[in-house]
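J.: First the structure, then my questions, so here it is.
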Amino acid sequence: MPSIKGKKKYLGLSFGIQQESQAILPSTRSRNPKVRNDQDGVDMTLLSFYKLIMGRGKVELKRIENKINRQVTFAKRRNGLLKKAYELSVLCEAEVALIVFSTRGKLYEFCSGSSMEKTLERYQRCSYSALEASQPAQDSQSRYQDYLNLKAKVEVLQRTQRNFLGEDLGHLGTKELQQLENQLDMSLRQIRSTKTQVMHGQISDLLRKEQMLLEANHELRRKLEECDAAIERYSWTTKEQNQNVPNSSHHQSAQFEGVLDHSQCNNTLQIGYNPPEVTDHHELQSSTQSHSGLFVPGTVQLKRIENKINRQVTFSKRRTGLLKKAHEISVLCDAQVALVVFSNKGKLCEYATDSCMDQILDRYERYSYAERQLVEPDIESQCNWTFEYSRLKAKVELLQRNQRHYLGEDLDSLTLKEIQSLEHQLETALKQIRLRKNQLMHESISELQRKERAMQEQNNLLAKKIKEKEKAAAEEVHNWEQQNNGLNLLPQPLPCLNMGGTQQDEFLQVRRNQLDLTLEPLYSCNLGCFAA
């Protein structure tokens, strides 16, 4: 890219040539009206061509398609954006809150205040102040009851939205996860169908624009051919005039060469600027070295600008630059940026990617305060819950709109970029839901297998005890049978006719009959009978 000095030289040379040519050409212009009209057309064509070359056009920003280049650009511009936000907060004493989500969902934030939460509360207070003032005065108790109902509704919608995004799935069972998976499958099919329709519409528009550009291209080519023909006719006319008037043409050419030599000797004289000539190279080098220390980054300590006017001017310029940088990183790197700036006088200035400040703040709240619940305010502090009522009412509308989008409804209001982002979110959520469902199923299978092993061990133990009991019972039955068989083989004792004996004698007599196989019992019995 040429330097400023080089540009001035080029502009001076061009301007000088144009002035001298305007002074020369009238004397060489033909008096023939037809030839003069051709010359005027050529002059206008050359002037248009000169403007086309020297003019500066705006470069249209678009997303960087190369993934690596996009990541590198995001890292550099992110650091520059954070630095610009810090400098604005220090130099101009402004309150700045910056939230940046990368294309991968990583969060980067900066806040010059005491906390990001307080700055966002201040922004919401300014945003919802008009809504709060427009609401009619109602009964305090009834409005507080409406606030409680609205608060409960917000909690339900937030929990549902987290479930749709694949978050906070711990309290859901396998059946509920299956229903959620089926719902997201249907939503993804609807979203992809809508995305295909939008892309077909864009393709049709691009084809129509291509046809229009081709027609314009043909028209421009035709005009270019006409210009070439006019230039050729002009050159032939000039040659004929030079042949007819040789002395004047020689004088004019010498004058034109003098102009060129003069412009080469002093290139910038035509625009009224003569740069100082540096004759010594060492002086230039020493001068550069003496001033280079002023621009070394990191050596200048930032502090608040004391002059009020200078501070206001600096704030206006740096605020515009910060907004421009935020817009560039959001477009080039496909990032979501939310920027809130409060001036020293309390004036609000904001920027959000695709004008979706509420969605970005809601995403930041889910990212940073996912486990935090809304604190119930005291009924006596009416100003707190009235402000919360307005904020929650707007939040309910946002959550309901997001839920319709997650269900594949009301997609006509979304752009192609928003539809692609929604599709990516639901695909990620579907992966998380399926992962959680598979985890629960594996846990259920493991638990059932553990119970099966425990029941099997318990059954084996019971079977072992039953076998032991059966074995013991079989042994008792066997012993009892053996005893019965032994008693059946012994001879039956004769009935005792002893009338005068005692019970002890009879017991001893029975024992003898069971243990002794001799004829002593019979003999004793006979003796007893005879004695009687």
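J.: Can you report the number of residues in region 188-209 which are without any contact (Cβ under 8 Å) to a residue 12 or more places away in the chain and in contact with a helix residue (DSSP H, G or I) (Cβ under 6 Å, 6 or more places away or on another chain)?
T.: Total meeting the criteria: 0.
J.: Turning to a different aspect of this structure: Let me confirm something: among LEU157, LEU148, LEU131, which residue is over 30 Å from GLN301 (Cα atoms), assigned by TED's automatic domain parsing to the domain that holds ASP358, modelled with pLDDT of 85 or more and not charged (D, E, K, R)?
T.: It is LEU157.
J.: Which of the residues belonging to region 149-206 are touching a Ser or Thr at 6+ places or on another chain (Cβ under 9 Å) and on the phi < 0 side of the Ramachandran plot?
T.: PHE164, LEU165, THR174, VAL198
J.: Here are the criteria: (1) surrounded by fewer than 16 Cβ atoms within 10 Å (Cβ to Cβ); (2) out of contact with any Lys or Arg (no Cβ under 9 Å at 6 or more places or on another chain); (3) at pLDDT below 85. Tell me which single one GLU365 does not satisfy.
T.: (2)
J.: Same structure again: Quick check on region 210-227. Is at least one of its residues touching a helix residue (DSSP H, G or I) at 6+ places or on another chain (Cβ under 8 Å), in the same structural domain as GLU418 (by TED's automatic domain parsing), more than 30 Å from SER444 (Cβ to Cβ) and exposed (fewer than 12 other Cβ atoms within 10 Å of the Cβ)?
T.: Checked region 210-227: no residue is touching a helix residue (DSSP H, G or I) at 6+ places or on another chain (Cβ under 8 Å), in the same structural domain as GLU418 (by TED's automatic domain parsing), more than 30 Å from SER444 (Cβ to Cβ) and exposed (fewer than 12 other Cβ atoms within 10 Å of the Cβ).
J.: In region 1-120, which helices (runs of 4 or more DSSP H) lie fully inside it and hold 1 or more residues that are of a type outside the set (Gly, Ala, Ser), over 22 Å from GLU350 (Cβ atoms) and modelled with pLDDT under 50?
T.: Hits in region 1-120: 4-28, 33-54.
J.: Going by the structure shown, is LEU184 at pLDDT 90 or above, part of a helix (DSSP H, G or I) and touching a Phe, Trp or Tyr at 6+ places or on another chain (Cβ under 9 Å)?
T.: Yes, satisfied.
J.: Within region 429-481, work out how many residues are under 55 Å from the mean Cα position of the chain (by Cα) and hydrophobic (A, V, I, L, M, F, W, C).
T.: Qualifying residue count, region 429-481: 10.
The values are calculated or read from the model by the stated rules, or taken from the named source; none is laboratory data. Being a predicted model, the structure only gives us computed values, none of them experimental. As a convention, Cβ positions derive from the backbone with ideal geometry for all residues, glycine included, and neighbour counts pool all protein chains shown.
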